[in-house]
Amino acid sequence: MISNYIIFLISYFLIVLSVVGHGALAIKLTKTNISTEEIGFVGLAGIFFLMLYSYITHFFINHGYFHNITFITIGLVSLYYFRSQILIKRNFIFLFSIFSIIFLAFIIFKTHDDFGYYHFPYSYYLNKFSIIIGIGPINHGFKTPSSIFYLNSLFYLPYLDYYLYHMGAILVLGFTNIILISNIKKYLKKKENNHIFFLNLLAFIFINIFFYRLAEHGTDRSAQILIFLFFIYILSLRGHYENFDSILPKLIILLSITVSLKSFYVLYIIFIIPFIFYTMKDNKIHLIYKIFKSPILYFSILMGICVILVYFFNTGCLLYPVQQTCISGIEWGIPKTEVSTLNTHYQWWAKAGGGPGYNHEMEKDLYIQNFNWLSNWIDKYFFNKMTDFLVGLLLIFIILIIIFKSKKKDSDNISLNYNFLYYCLIILLLVEWFYNHPSLRYGGYIIFALIFFIPLSHLLSKYEISKNFTLKTIFLTVLVVSIFIGRNIDRILYEQNFYKANFERNMFFFTDKKHFRVDTKLKDLSNIYNNCNPDINKCSNNQDFIIKKGYGKMILIKIRN
């Protein structure tokens, strides 16, 4: 039992350190303008480049034990090489402290509802096979893969096997917390309480209270955490263009990871519009040209190409389930009629038409039209899930006003006007969200958080710094950390009692046969492919697929009913 815990814990921290090492190596090789002392962003840079690496390599090889051990070793060697720049004493203590606290969230038995359905199977597929063309129809979720599956596939290791598949969400949560706390400390040291300081503080409170449970992260909450960080940095540019060179690569990395996690977050590219408008207004047009000189931009484009290629090879569409992007005549492609049906299904699901306790008798096509879904959505989803969340945001709003209210100072009208344009775009996104996919997991959390927190941050920034301002901030930080720890301990105890989780024996999450259904099917198909006569192109049929050879890969062609 002790050896089990030790191996699990050592592997956890070695992966964290390896990701930091890969981030430092990538920053140096690409000459990205991020200081290696900013360990939070070094970690996010490591995540970005490892996702890109995972996409590219999977076109050719599977991510097995030997491959992953080699990758982790390279990261650790890189960390050792750059140790004088990265692991200065305060950084090492900071990194170790944050990831030690959130390790509690890493101990889970009950995973996300979709985890066994397609999160786990897709990551496991990446470990066992190089890319299989036409794999989308094998499982509903294989049509919409996420970069977090590609990241998690790199943590498949001997002895621990697949029990580190939730490491990706921990890395995003951990490095984001490091960035937010570092920013809060920086503003306290400078004795500034502007709206950016409060946005950092509010983001820290929000993600650790509302997103404390790792099993609920899926592919969505990690993306929404990074969007909050993206907003903080793009809003901080106004009036501080001297920081543009260091902020630009951070914005590109944040947006690239977010879009690769969930493709519909590509909508958030609209937030470059206010930036372009104000740079032109301030006669800073040369900053826009600098974007195209940034090396990280082209790695971001390469990431986008990889994501599109994966969609194409999986489904025959460039962006699934957008029917207009599906290419006719692709032999492994999913028919456009089926894509349209599934697009309807996704909307039906998001509008409380499907899921446990949400089923509605009306036909899906009719249900999603003309707000036929609204009354059922209000009854089944708005009460009580939405209301609980909104009450939580309102409570944070009230508590922070009570804590930080003091004598008023002159308002910052420039930043207020700048943020107003972004606020209008957030409202536009709210309308799109409500009309197409009104579920908190599909971007709702971050939209409502920003609607509450942007005006709150301006309101709080109007008050002067009181004598005990730093003490109040520290108190809030400690309180949030205590809530995070307490809620996770309570969750662990609940899982022990309700699910009979035996954390005394190991800290592994629950798996059963359903996690391996896709792997079993792929092994059967692979056996047919490997035993296929090399002189013919088409292999024997099974009941679901025609198996062909092409492009040096196995091609699955779904047999239509």
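The values are calculated or read from the model by the stated rules, or taken from the named source; none is laboratory data. The structure displayed is predicted, hence computed values, not measured ones. Glycine also receives a Cβ, built like all others from the backbone with ideal geometry; neighbour counts cover every protein chain displayed.
Filter the range 218-262 down to residues that are among the small types (Gly, Ala, Ser) and within 17 Å of the chain's Cα centre (by Cα) and give me whichever is surrounded by the fewest Cβ atoms within 10 Å (Cβ to Cβ).
Only one residue fits best here, namely Gly218.
Does any residue in the range 1-30 that is aromatic (Phe, Trp, Tyr) come within less than 6 Å, Cβ to Cβ, of a residue that is exposed (fewer than 15 other Cβ atoms within 10 Å of the Cβ) and modelled with pLDDT of 95 or more six or more places away or on a different chain, and which pairs are these?
none
Looking only at residues in the range 457-475 that are assigned to a helix (DSSP H, G or I) and surrounded by fewer than 19 Cβ atoms within 10 Å (Cβ to Cβ), which one is modelled with the lowest pLDDT?
Leu459
Yes/no matrix, rows are residues, columns are (1) in contact with a helix residue (DSSP H, G or I) (Cβ under 7 Å, 6 or more places away or on another chain); (2) charged (D, E, K, R); (3) under 30 Å from Pro137 (Cα atoms):
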{"site": "Lys467", "(1), (2), (3)": "no, yes, no"}
{"site": "Ile483", "(1), (2), (3)": "yes, no, no"}
{"site": "Arg487", "(1), (2), (3)": "no, yes, no"}
{"site": "Phe498", "(1), (2), (3)": "no, no, no"}
{"site": "Arg505", "(1), (2), (3)": "no, yes, no"}
{"site": "Lys521", "(1), (2), (3)": "yes, yes, yes"}
{"site": "Asn531", "(1), (2), (3)": "no, no, yes"}
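Suppose the filter is hydroxyl-bearing (Ser, Thr, Tyr), surrounded by 13 or more Cβ atoms within 10 Å (Cβ to Cβ) and at pLDDT 85 or above; does Tyr529 pass it?
It is true that Tyr529 is hydroxyl-bearing (Ser, Thr, Tyr), surrounded by 13 or more Cβ atoms within 10 Å (Cβ to Cβ) and at pLDDT 85 or above.
Name every residue in the range 11-45 that is under 15 Å from Leu171 (Cα atoms) and of a type in the set (Val, Ile, Thr), in order of residue number.
Ile15, Val16, Val19, Val20, Ile39, Val42, listed by residue number.
Looking at Arg505, Arg491, Arg487, can you tell me which residue is surrounded by fewer than 18 Cβ atoms within 10 Å (Cβ to Cβ) and touching a Phe, Trp or Tyr at 6+ places or on another chain (Cβ under 9 Å)?
Answer to the selection: Arg487.
Just give me the residues in the range 26-48 being buried (at least 22 other Cβ atoms within 10 Å of the Cβ) and assigned to a helix (DSSP H, G or I), in sequence order.
Answer for the range 26-48, where residues must be buried (at least 22 other Cβ atoms within 10 Å of the Cβ) and assigned to a helix (DSSP H, G or I): Ala26, Ile27, Ile39, Gly40, Phe41, Val42, Gly43, Leu44, Ala45, Gly46, Ile47, Phe48.
Return the pair list, or none, for Cβ contacts closer than 6 Å from residues in the range 309-326 that are under 13 Å from Thr337 (Cα atoms) to residues that are basic (Lys, Arg) and surrounded by fewer than 20 Cβ atoms within 10 Å (Cβ to Cβ), at least 6 apart or on different chains.
Taking only residues 6 or more apart or on different chains, the pairs are Gln323/Lys336; Cys326/Lys336.
For a quick check of your reading of the model, give me the residue pairs whose first member lies in the range 249-273 and is more than 18 Å from Leu173 (Cβ to Cβ) and touching a residue at least 12 places away in the same chain (Cβ under 8 Å), whose second is not basic (Lys, Arg) and not in a helix (DSSP H, G or I), with beta-carbon atoms closer than 7 Å and at least 6 apart or on different chains.
Correct list of pairs: Pro249/Thr32; Pro249/Asn33; Pro249/Ile34; Pro249/Ser294; Ile252/Ser294; Ser263/Leu319.
Of everything in the range 137-154, what is crowded, with 24+ Cβ neighbours inside 10 Å and closer than 12 Å to Leu522 by Cα? Give them in sequence order.
The one that is crowded, with 24+ Cβ neighbours inside 10 Å and closer than 12 Å to Leu522 by Cα: Ile138.
When you check Ile454 against the structure, is it surrounded by 16 or more Cβ atoms within 10 Å (Cβ to Cβ), at pLDDT 90 or above, β-branched (Val, Ile, Thr) and more than 30 Å from Asp114 (Cα to Cα), yes or no?
yes
Within the range 375-404, how many residues are closer than 21 Å to Leu479 by Cα and not small (Gly, Ala, Ser)?
Residues flagged as closer than 21 Å to Leu479 by Cα and not small (Gly, Ala, Ser) within the range 375-404 amount to 16.
Looking at the range 125-146, is at least one residue assigned to a loop (DSSP other than H, G, I, E, B), polar (S, T, N, Q), touching a Lys or Arg at 6+ places or on another chain (Cβ under 7 Å) and under 17 Å from Leu214 (Cβ atoms)?
Yes, because at least one residue in the range 125-146 is assigned to a loop (DSSP other than H, G, I, E, B), polar (S, T, N, Q), touching a Lys or Arg at 6+ places or on another chain (Cβ under 7 Å) and under 17 Å from Leu214 (Cβ atoms).
For the range 49-111, which fully contained helices (runs of 4 or more DSSP H) count at least 3 residues that are buried (at least 21 other Cβ atoms within 10 Å of the Cβ)?
Because the criterion is at least 3 residues that are buried (at least 21 other Cβ atoms within 10 Å of the Cβ), the helices (runs of 4 or more DSSP H) in the range 49-111 that meet it are 65-81, 89-101.
Starting from residues that are loosely packed, with under 11 Cβ neighbours inside 10 Å and under 26 Å from Tyr278 (Cα atoms), keep the ones in the range 404-413 and report whichever is modelled with the lowest pLDDT.
Asn413
Filter the range 481-516 down to residues that are assigned to a loop (DSSP other than H, G, I, E, B) and without any contact (Cβ under 8 Å) to a residue 24 or more places away in the chain and give me whichever is nearest to Tyr156 (Cα to Cα).
So, considering only residues that are assigned to a loop (DSSP other than H, G, I, E, B) and without any contact (Cβ under 8 Å) to a residue 24 or more places away in the chain, the one nearest to Tyr156 (Cα to Cα) is Asn502.
Which ones in the range 282-319 are more than 25 Å from Phe49 (Cβ to Cβ) and assigned to a loop (DSSP other than H, G, I, E, B)?
Asp282, Asn283, Lys284, Ile285, Gly316, listed by residue number.
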